[in-house]
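Visitor: One structure is given below, represented as structure tokens, and several questions about it will come after.
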Ligand SMILES: Nc1ncnc2c1ncn2[C@@H]1O[C@H](COP(=O)(O)OP(=O)(O)OP(=O)(O)O)[C@@H](O)[C@H]1O
């Protein structure tokens, strides 16, 4: 069986005459975390929408979880789950009711057990019966993630998952993502927080002006910029320095 969760070759997408993606290529290995970075408007959400079958491409060969996206979108939809930028939960219902609704929609066999497990795993047992309107932003985000992974999808898309979270909630979210990976789920995430990518991702790709301009492990990206020598202390470049160096260099061409 193939070890590839996502394969993208020659992806192009325009909105009318605005070319957003101009030939994007990348692969994501099963069981890994892949982080897609890019400035505002680079096309990260567009890539997620295409990979989750919400938008059609103009050109490109794409496979997601072993299925061809163009010819077999239903099979793709069965294996993936998506958390978008806007928290997709119902404020009037309680956390437990929201999860139960998703469990019903996904036809999960042991619905009650799955919901309780999920509340426990995402630290929401105590707040389970409260209406969502009383939840903090971090709690809503955790519930959103709980709903995303309910029913054990093979592949999860997280579009800027830690937007609006305070540092403590962000650290808790990172633990949740690490747990998802331990459970064998492949994670594709976009983020503006470069530290997030540094902390979580096995591979990082930078999208700029419609193309992936660099991709690799953090170690490989570090090799792009030589370490700075300050007296006798060697300082490794941060992902932020690498990001700025490659995007500014390309932008100036
Ligand atoms: N439905 C649409 N119609 C027209 N233009 C669109 C549409 N969706 C996205 N765009 C444009 O495509 C470009 C890429 O948008 P996208 O939302 O994918 O960027 P992004 O990298 O996710 O940005 P951000 O970090 O701000 O969320 C932007 O210029 C945006 O205005």
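The values are calculated or read from the model by the stated rules, or taken from the named source; none is laboratory data. This structure is a prediction, so every number in the text was calculated from the model and none was measured. Using ideal geometry, Cβ is built from the backbone for each residue, glycine included, and neighbour counts are taken over all protein chains shown.
Visitor: Among the residues of region 102-116, which ones are surrounded by 14 or more Cβ atoms within 10 Å (Cβ to Cβ) and at pLDDT below 90? Working first, answer last.
Guide: Step one: of region 102-116, the residues surrounded by 14 or more Cβ atoms within 10 Å (Cβ to Cβ) are 102-103, 106, 108, 111, 114-116.
Listed by number, the residues that qualify are 102, 106, 108.
Visitor: Just for helices (runs of 4 or more DSSP H) wholly inside region 71-150: which have at least 2 residues that are in contact with a helix residue (DSSP H, G or I) (Cβ under 8 Å, 6 or more places away or on another chain) and touching a residue at least 60 places away in the same chain (Cβ under 8 Å)? Steps first, please.
Guide: Details: elements: 73-79, 95-105, 111-121, 137-149.
Here the list reads 137-149.
Visitor: Residue check: is residue 150 over 14 Å from the mean Cα position of the chain (by Cα), more than 16 Å from the ligand (Cβ to nearest atom) and more than 16 Å from residue 34 (Cβ to Cβ)?
Guide: yes
Visitor: Is it true that some residue in region 89-99 is touching a strand residue (DSSP E or B) at 6+ places or on another chain (Cβ under 9 Å) and surrounded by fewer than 15 Cβ atoms within 10 Å (Cβ to Cβ)?
Guide: Yes, region 89-99 contains at least one residue that is touching a strand residue (DSSP E or B) at 6+ places or on another chain (Cβ under 9 Å) and surrounded by fewer than 15 Cβ atoms within 10 Å (Cβ to Cβ).
Visitor: Sticking with this structure for a sec: Out of (1) touching a strand residue (DSSP E or B) at 6+ places or on another chain (Cβ under 6 Å); (2) within 16 Å of the ligand (Cβ to nearest atom); (3) at pLDDT below 90, what's the single condition that is false for residue 81?
Guide: Answer for residue 81: the failing condition is (2).
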